1. Is there any pair with a first residue in the range 72-87 that is at negative phi and a second that is open to solvent by 10 Å² or more (accessible area, probe 1.4 Å) and hydroxyl-bearing (S, T, Y) whose Cβ atoms are under 9 Å apart and which are 6 or more apart or on different chains, and what are they?
2. List the helices (runs of 4 or more DSSP H) inside the range 165-240, counting only whole elements, that have at least 2 residues being over 25 Å from P62 (Cβ atoms) and at pLDDT 95 or above.
3. Checking the conditions here, which among V39, V21, V66, V28 is under 25 Å from V152 (Cβ atoms) and over 15 Å from the mean Cα position of the chain (by Cα)?
4. Looking at (1) modelled with pLDDT of 95 or more; (2) not in a helix (DSSP H, G or I), can you tell me which one R162 breaks?
5. Can R103 be described as out of contact with any helix residue (DSSP H, G or I) (no Cβ under 6 Å at 6 or more places or on another chain), closer than 25 Å to E22 by Cα and at pLDDT 95 or above?
6. Which of the residues spanning the range 1-44 are touching a residue at least 60 places away in the same chain (Cβ under 8 Å), of a type in the set (A, V, I, L, M) and either farther than 21 Å from V56 by Cβ or open to solvent by 60 Å² or more (accessible area, probe 1.4 Å) (or both)?
7. Considering only residues of the range 207-226 that are in contact with a helix residue (DSSP H, G or I) (Cβ under 8 Å, 6 or more places away or on another chain) and surrounded by fewer than 19 Cβ atoms within 10 Å (Cβ to Cβ), which is nearest to L181 (Cα to Cα)?
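The values are calculated or read from the model by the stated rules, or taken from the named source; none is laboratory data. If you're wondering where the values come from, they're calculated on a predicted model, not measured in any experiment. Quick reminder, even Gly has a Cβ in these numbers, built from the backbone with ideal geometry, and neighbours come from all protein chains shown. Protein only, heavy atoms only, side chains kept; ligands, DNA and RNA dropped before computing areas. Shrake-Rupley method; radii C 1.70, N 1.55, O 1.52, S 1.80 Å.
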Amino acid sequence: MANPFRNVKLHWRRLMNRRVVELDGIKVSTAAAGLPRSVRSALFKETYEVHERRLVRQIVRPGNRVLEIGAGIGVVASLAARLCGPGNLVSYEANPKLEPIIRGNFALNGVEPRLVMRAVNLDGRPVTFNRDDNIVSSSLAKRGSSAEAIEVAADAFDDIVRDHRPGIVIMDVEGIETDLLSQGNLDGVAHIVVEIHPQVTGQEVIDTMLARLEGLGFAVAERAHKTLHLVRETSGTPAQ
């Protein structure tokens, strides 16, 4: 059921020109340069990454090792870093324009997760990143003619998993999730929180990804709109 107060919050905060809002105890700048109006509105309404935030609060515990791919503006990373503790979170983001926004939000919350401004793919070779003025549409996948194609460095997914040893993977990569989760190494991973993008990939590719994950022992524990929480049934608690 829709929250009737969200639009009230939106209009009041916009009227008051609120420069910082708080989501789940995490402070987020609404005044950062380059922040699209749609993202600012979602922050004012407290709907920004609402499903991911709830699942992170539900799953992440002190000492859990967490890998986030697709940091966005750093909200989920800030929340996860506070929950898992120093040195346990690595967060990747391919869009170089977002780095000052992410680091600004980290500073607001006094957290210092390892931020890697690179793409993530299967082979670690540089990739073409389609940078859109609307940050939520920026992606390795080509999504629109207005995006600016830039080359960015990348790290291989398997290398990251081997080196960081995450028990929890959080992923919002605008369509590339099907590549990574259909082929990548998931040894030691007990929980996956992933936003799927059927409008980009097609449902058949998602079904193939889910079949592969099922074969590895994962089951969908929850679907929240386009966000899935998968749990490896054969695992105990997440790797530390």
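1. Qualifying pairs under 9 Å: I73/S29; I73/Y48; V75/Y48.
2. Details: elements: 177-183, 198-201, 203-215.
It comes to 177-183, 203-215.
3. On the way: V39 fails: over 15 Å from the mean Cα position of the chain (by Cα); V21 fails: under 25 Å from V152 (Cβ atoms); V66 fails: over 15 Å from the mean Cα position of the chain (by Cα).
Testing whether each residue is under 25 Å from V152 (Cβ atoms) and over 15 Å from the mean Cα position of the chain (by Cα) leaves just V28.
4. Result: R162 passes all but (2).
5. On the way: out of contact with any helix residue (DSSP H, G or I) (no Cβ under 6 Å at 6 or more places or on another chain): yes; closer than 25 Å to E22 by Cα: yes; at pLDDT 95 or above: yes.
For R103, the condition - out of contact with any helix residue (DSSP H, G or I) (no Cβ under 6 Å at 6 or more places or on another chain), closer than 25 Å to E22 by Cα and at pLDDT 95 or above - is met.
6. Looking only at the range 1-44, we keep the residues that are touching a residue at least 60 places away in the same chain (Cβ under 8 Å), and these are 20, 26-29, 32-36, 38-39.
This time we only want the ones that are of a type in the set (A, V, I, L, M), so: 20, 26, 28, 32-33, 35, 39.
A32, A33, L35, listed by residue number.
7. Of all residues in the range 207-226, those in contact with a helix residue (DSSP H, G or I) (Cβ under 8 Å, 6 or more places away or on another chain) come to 208-209, 212-213, 220, 222, 224-226.
Then drop every residue that is not surrounded by fewer than 19 Cβ atoms within 10 Å (Cβ to Cβ), which leaves 208, 212, 220, 222, 224-226.
On the way: T208: 10, R212: 8, V220: 14, E222: 17, A224: 19, H225: 19, K226: 16 Å.
Ranking the candidates gives R212 first.
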